[in-house]
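> Take a look at this one; I'll ask things after.
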Amino acid sequence: MIKLSKKWDYALKAIIYLSNNENKLLKIAEISNILNIPEAFLRRIINDFEKAGIVITIKWRNGWIIFSKDKSTINLYEVLLTVWEDLNISDCSSGHSCSNSTNCLTTDIFKSLQKWFNWLLKLYTLDKISKNDN
């Protein structure tokens, strides 16, 4: 079973919430409560988003977050890459070899799955998955 980490889950929930509220000043504590994400975890994710230029934070009394990019330019691949450097579903799909690589019958399958996975994540931009009522 392929299972995404909590960090990925939280990052996707956070970025979708931020993109749905792109014209608002948001507070991390409020987002944490609304999305039921531990605040310390969310702060690290928001920090990663800020480093990538996806959001701007205003470090003021309670701190504010502003969505700073065009939603059509941010895809799920970029979001997940921002919070986690490895999107490979297996070692062989990443180009790493294992001790059984010469006799392995699944390498081509995993490489194909990896291409499909990356393509799918790149296909979904935030403007396609967020609400359009802003």
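> Hey, rough spin-label estimate for residue 17 and residue 121, points 7 angstrom out along Cα→Cβ, what's it come to in nanometres?
2.2
> Taking a ≥ b ≥ c as the square roots of the eigenvalues of the Cα gyration tensor of the range 19-72, is the shape rounded (a/c under 1.5), prolate (a/b larger than b/c) or oblate?
On the way: a/c = 1.40, a/b = 1.35, b/c = 1.03.
Rounded, because the longest to shortest axis ratio a/c is under 1.5.
> Taking a ≥ b ≥ c as the square roots of the Cα gyration tensor eigenvalues, with a/c under 1.5 meaning rounded and otherwise prolate when a/b beats b/c, else oblate, which class fits the range 41-82?
Here the range 41-82 falls in the oblate category.
> Shifting gears a bit: Of the trypsin sites (Lys or Arg not before Pro) in the range 1-36, which ones lie in a loop per DSSP and count no more than 11 other C-beta atoms within 10 Å?
Filter output for the range 1-36: 3.
> Heavy-atom accessible area per residue, the range 24-81, 1.4 Å probe: how many Å²?
So the range 24-81 comes to 57 Å² accessible per residue, rounded to a whole number.
> In the range 1-74, carbon and sulfur make up what percent of the accessible area (probe 1.4 Å)?
Values: 2390 of 4410 Å².
On the range 1-74, the fraction of accessible area on carbon and sulfur atoms equals 54 percent.
The values are calculated or read from the model by the stated rules, or taken from the named source; none is laboratory data. In this text the structure is predicted, and so the values were computed from the model without any measurement. Virtual Cβ from ideal backbone geometry, glycine too; neighbours counted across all protein chains shown. To get the accessible areas, we keep the full protein, side chains included, count just its heavy atoms, and leave off ligands, DNA and RNA. Shrake-Rupley method; radii C 1.70, N 1.55, O 1.52, S 1.80 Å.
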